Amino acid sequence: MGPGHPECPERLDAIEDRLLITGLGDALERYEAPEAALADIELAHGRLHIASLRGLTDWLREEVEAGGPSHTQVDPDTSINVHTWKAALRSAGAALAATDAVMAGEISNAFCAVRPPGHHACRDKAMGFCFFNNVAIAAKYALQRYNLQRVAVIDFDVHHGNGTEDILAGDDRALMVSFFQHPFFPYSGDQNPASNMLNVPVAAYTRGMDVREIIEMTWMPRLEAFEPEMIFISAGFDAHREDDMGQLGLVEQDYAWITHRIVDVARRFSKGRIVSCLEGGYMPSALARSVEAHLRVLADL
């Protein structure tokens, strides 16, 4: 994204370092992320959006070779460089490969440590650091490739997953449940959502125990009634109290608790099948500790 931007490579470095220091990395299986096929990206995105990103990348490459700037803006918060296209393909590809591995029974669940994130990417628009909507692509792929009838998307990022809602709204094969700080970027999610969307806006400075109560009272009944055959998680950790991207008050133990509740639903209805994809989380230390807590529950360690 360019110097000084919060969506930076150090985010993944912090996660790697934490897995190394704690020894947790030794207990996990690792997979390299392939590039997603454009046909699979088209399950969630319009061809014009895909073509425009590719064209912008080609134009930027020519500019760089001619001595021009290394980045160009997509929106005020979001820029691309010549490598963004490939990174976005691999980010989506990770979610698709994880879906294949989980559906094949090779692994019971997966966490995709990916950049760029995805949940603000709408069907026809990149925004909010996001280019392709990794979770929405994977959810659509699971429905089509494996002929599933019901998939759930769970989003606990501090920001509303407006892109995921844009892509999945009205598709009754998908249920999306989320909480998010409101009013806050992207200033959406509170106005007449589709019937397959359960959006819970929460005020700034809401703490973990209140979020747990919201999940127990709102998410759980809907998820249990829906009986999802697979669960996808937009795992943003920027609702952590140390993350100044937002103003919510969650800590690592809250992320572990949320993950436990998701795993419980997955065991009962989804044969344990979960694919979790990294979204936000911009304070490296808090992000790394929160991902560790999330992974320990997923891996039952």
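The values are calculated or read from the model by the stated rules, or taken from the named source; none is laboratory data. Everything quoted here is computed from the prediction, not taken from an experiment. Here Cβ is always computed from backbone atoms with ideal geometry, including for glycine, and neighbour counts include all displayed protein chains. These area figures cover heavy atoms from the full protein model, side chains too; ligands, DNA and RNA do not enter into them. Shrake-Rupley method; radii C 1.70, N 1.55, O 1.52, S 1.80 Å.
When residues of region 52-90 are filtered for being open to solvent by 30 Å² or more (accessible area, probe 1.4 Å), hydrophobic (A, V, I, L, M, F, W, C) and closer than 22 Å to residue 162 by Cβ, how many remain?
Going through region 52-90 one residue at a time, the tally reaches 3.
Go through region 70-86 and give me each residue that's small (Gly, Ala, Ser) and out of contact with any helix residue (DSSP H, G or I) (no Cβ under 9 Å at 6 or more places or on another chain). Full working, then the answer.
Initially, region 70-86 is screened for residues small (Gly, Ala, Ser), giving 70, 79.
If the condition is that a residue be small (Gly, Ala, Ser) and out of contact with any helix residue (DSSP H, G or I) (no Cβ under 9 Å at 6 or more places or on another chain), then 79 is the only one that fits.
Kindly state which helices (runs of 4 or more DSSP H) lie completely within region 164-276 and contain at least 1 residues that are surrounded by 19 or more Cβ atoms within 10 Å (Cβ to Cβ) and of a type in the set (Gly, Ala, Ser).
Answer list for region 164-276: 208-214, 252-269.
In region 36-51, which residues are closer than 17 Å to residue 86 by Cα and either open to solvent by less than 60 Å² (accessible area, probe 1.4 Å) or aromatic (Phe, Trp, Tyr) (or both)?
36, 37, 38, 40, 41, 45, 49, 50, 51
What do you reckon, is residue 115 basic (Lys, Arg), within 30 Å of residue 81 (Cβ to Cβ), open to solvent by 10 Å² or more (accessible area, probe 1.4 Å) and at pLDDT 95 or above? If you could, list the steps in order and put the result at the bottom.
Details: basic (Lys, Arg): yes; within 30 Å of residue 81 (Cβ to Cβ): yes; open to solvent by 10 Å² or more (accessible area, probe 1.4 Å): yes; at pLDDT 95 or above: yes.
Answer is yes for this residue.
Looking at the structure I just gave you, is residue 18 out of contact with any strand residue (DSSP E or B) (no Cβ under 9 Å at 6 or more places or on another chain), within 30 Å of residue 243 (Cβ to Cβ) and basic (Lys, Arg)? Don't jump to the end; show me each part of the working.
Details: out of contact with any strand residue (DSSP E or B) (no Cβ under 9 Å at 6 or more places or on another chain): yes; within 30 Å of residue 243 (Cβ to Cβ): yes; basic (Lys, Arg): yes.
For residue 18, the condition - out of contact with any strand residue (DSSP E or B) (no Cβ under 9 Å at 6 or more places or on another chain), within 30 Å of residue 243 (Cβ to Cβ) and basic (Lys, Arg) - is met.
Do any residues in region 110-132 that are free of Cβ contacts under 8 Å to residues at least 24 places away in the same chain have Cβ atoms under 6 Å from those of residues that are open to solvent by 20 Å² or more (accessible area, probe 1.4 Å), where the two are at least six apart or on different chains, and which pairs are they?
Listed by first residue and then by second, the contacts come to nothing, as the list is empty.
If a residue has to be open to solvent by 10 Å² or more (accessible area, probe 1.4 Å) and under 27 Å from residue 172 (Cβ atoms) to count, how many in region 127-143 make the cut?
Restricting attention to region 127-143, the residues satisfying the condition of being open to solvent by 10 Å² or more (accessible area, probe 1.4 Å) are 127, 129, 140-141.
Narrowing further to those that are under 27 Å from residue 172 (Cβ atoms): 127, 140-141.
Residues in region 127-143 being open to solvent by 10 Å² or more (accessible area, probe 1.4 Å) and under 27 Å from residue 172 (Cβ atoms): 3 in total.
Select from region 87-101 the residues that are in contact with a helix residue (DSSP H, G or I) (Cβ under 9 Å, 6 or more places away or on another chain) and either of a type outside the set (A, V, I, L, M, F, W, C) or at pLDDT below 95 (or both) and list them in ascending order. Give the steps one after another, and end with the answer.
So in region 87-101, the residues in contact with a helix residue (DSSP H, G or I) (Cβ under 9 Å, 6 or more places away or on another chain) come out as 88-89, 91-96, 98-100.
Result: 91, 93, 99, 100.
List every residue pair whose Cβ atoms sit under 9 Å apart, with the two residues 6 or more apart in sequence or on different chains, where the first one lies in region 137-161 and is free of Cβ contacts under 8 Å to residues at least 60 places away in the same chain and the second, anywhere, is open to solvent by 10 Å² or more (accessible area, probe 1.4 Å) and hydroxyl-bearing (Ser, Thr, Tyr).
160/187; 160/188
Residue pairs, Cβ under 6 Å, 6 or more apart or interchain, first in region 62-86 and at pLDDT 95 or above, second open to solvent by 70 Å² or more (accessible area, probe 1.4 Å). List them.
Final answer for the pair search is 79/73; 82/61.
Quick check on region 99-109: of everything there that is small (Gly, Ala, Ser) and open to solvent by 10 Å² or more (accessible area, probe 1.4 Å), which residue is nearest to residue 141 (Cα to Cα)? Walk me through it before giving the result.
Initial filter on region 99-109 (small (Gly, Ala, Ser)): 101, 104-105, 108.
Filter again for open to solvent by 10 Å² or more (accessible area, probe 1.4 Å), leaving 104-105, 108.
Numbers: 104: 14, 105: 17, 108: 18 Å.
Among those residues, the one meeting the criterion is 104.
Taking the criterion of being over 30 Å from residue 272 (Cβ atoms), free of Cβ contacts under 8 Å to residues at least 60 places away in the same chain and surrounded by 12 or more Cβ atoms within 10 Å (Cβ to Cβ), would at least one residue in region 13-35 satisfy it?
The answer is no, given that none of the residues of region 13-35 is over 30 Å from residue 272 (Cβ atoms), free of Cβ contacts under 8 Å to residues at least 60 places away in the same chain and surrounded by 12 or more Cβ atoms within 10 Å (Cβ to Cβ).
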